[in-house]
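Working notes, beginning with the structure itself.
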Amino acid sequence: MKLLVTGGAGFIGSNFVHYWLSHHPEDVVINFDKLTYAGNLENLKDVESNPNYQFIQGDITDPVAVSSAMEGVDIVVHFAAETHVDRSILGPGVFLQTNIIGTQVLLDEALKAKVKRFHHISTDEVFGSLELGTAEKFNEQTPYNPHSPYSASKAGSDHLVRAYGDTYGLPYTITNCSNNYGEYQFPEKLFGLAITNVIEGKTVPVYGDGLNVRDWLYVQDHCAAVEAVLLRGREGETYTVGGLKDDVSNLEVVKMILQLMGKNENQIEYVKDRPGHDRRYAVDWTKINQELNWSPSVTLEEGLRKTIEWYQAHPDWWKPLKEKAQGFFAQNYKKA
Ligand code: NAD
Ligand code: DAU
């Protein structure tokens, strides 16, 4: 089997490339990635010499490059995207270009290449926001109600994938998953930023009152969920994927990180809230659990311990990335 993985040099994509090559060593994996600020070939150093792995630097909005990468491909796993909500607030244009137009280009080329499956990686953010303190959760039937330029662009890409299925018969599946954390996460998202700030002796910025709730999914568990959908999922179906059963607020998560790292809560710094900040996400993962027998393998605490250990052991990986992101940090965290 030949897989085309888009965005394979990013956080989840690179974990997926590792995961697939180790669980399916007979398969060929082509990683197609533009190498934006978020793409990093350091993530893939240990698979570089694997004869079943190939890297192509290219942009998913470029039909010529995509068409050539698509040759002989059986399965497309589409991770490539602009992914950071705060960056989408500062500059939405590239989000629409990559996430919507890029997806459309891939869909066109996947149809021409007659791929057996187009798997689209999406997010729970397309569903909008839930009330704090309710038992309500997002599931496969939840209507779309995105609030940020990022989530609106991902919603657009999800609709396009379904439209290509309905209109042209493209065999597709979609997963809408919650917040991933783990190895190789760019240190500007909450977990990577919090852990590396603590290592550097800095404060951890918490937006607003810190009571916003996210569902946290360990990245290896997300890779296993995508594998389950590729191997056993039904064509034309969507699966929502989450890592938790109970709500955990951002403040509680940051306190867990501080406690696991032997620090106290005076390292928390409350900062200006994100505009349009969704209050609560919670994901019902019953369908993927019952149909495909998938469930998360680690608790939040176990996943956090692994993640903290990884960042502690890899300062050479994250320090240069934080350095490169200084311009973004200055803009995003500027005082009101
Ligand atoms: P990331 O930002 O770490 O990586 C994105 C990758 O896409 C990078 O390697 C980048 O170079 C590449 N890319 C960007 N624009 C491109 C283009 N025009 N052409 C080719 N490659 C391009 O992202 P991530 O956090 O690993 O997210 C991967 C996917 O999962 C995205 O589709 C995202 O929407 C989705 N998702 C992420 C999370 C999360 O918590 N990180 C949760 C749910 C869904
Ligand atoms: O829900 C899935 C989504 O999770 C993915 O689709 C996105 O690609 C991914 O970036 C992530 O989006 P979030 O906005 O939820 O993740 P982020 O790590 O940016 O923020 C997590 C929560 O923490 C959110 O409520 C905002 C808050 N936060 C974030 C940062 C960076 C802080 O309080 N302080 C911070 O400095």
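The values are calculated or read from the model by the stated rules, or taken from the named source; none is laboratory data. Quick caveat, the model's predicted, so the values are computed rather than measured. Here the Cβ positions follow ideal geometry from the backbone for every residue, glycine too, while neighbour counts run over all protein chains shown. Each accessible area value is taken on the protein alone, full model and side chains, heavy atoms only, with ligands, DNA and RNA left out. Shrake-Rupley method; radii C 1.70, N 1.55, O 1.52, S 1.80 Å.
Candidates are the residues of the stretch 150-162 that are open to solvent by less than 40 Å² (accessible area, probe 1.4 Å) and either hydrophobic (A, V, I, L, M, F, W, C) or within 18 Å of R279 (Cβ to Cβ) (or both); the one that is farthest from ligand 2 (Cβ to nearest atom) is V161.
Restricting the search to the stretch 98-128, which residues are under 30 Å from F329 (Cβ atoms) and more than 18 Å from the chain's Cα centre (by Cα)? Scanning the stretch 98-128 gives a single hit, I101. What number of residues within the stretch 168-205 satisfy the criterion of being assigned to a loop (DSSP other than H, G, I, E, B), near ligand 2 (Cβ under 8 Å from one of its atoms) and open to solvent by less than 20 Å² (accessible area, probe 1.4 Å)? Total meeting the criteria: 2. Just to be sure, is V204 touching a helix residue (DSSP H, G or I) at 6+ places or on another chain (Cβ under 7 Å) and within 21 Å of L260 (Cβ to Cβ)? Yes: the conditions hold for V204.
Of everything in the stretch 251-269 that is among the acidic types (D, E) and in a helix (DSSP H, G or I), the residue that is surrounded by the most Cβ atoms within 10 Å (Cβ to Cβ) is E252. Does at least one position in the stretch 97-107 carry a residue that is open to solvent by less than 10 Å² (accessible area, probe 1.4 Å), closer than 13 Å to V5 by Cβ and modelled with pLDDT of 95 or more? Yes, because at least one residue in the stretch 97-107 is open to solvent by less than 10 Å² (accessible area, probe 1.4 Å), closer than 13 Å to V5 by Cβ and modelled with pLDDT of 95 or more.
Taking the stated definitions as given, is Y239 assigned to a loop (DSSP other than H, G, I, E, B), more than 9 Å from ligand 2 (Cβ to nearest atom) and not β-branched (V, I, T)?
No; evaluated as a whole, the condition is false for this residue.
Could you say whether any residue in the stretch 213-231 is part of a loop (DSSP other than H, G, I, E, B) and within 16 Å of ligand 1 (Cβ to nearest atom)? Yes, because at least one residue in the stretch 213-231 is part of a loop (DSSP other than H, G, I, E, B) and within 16 Å of ligand 1 (Cβ to nearest atom).
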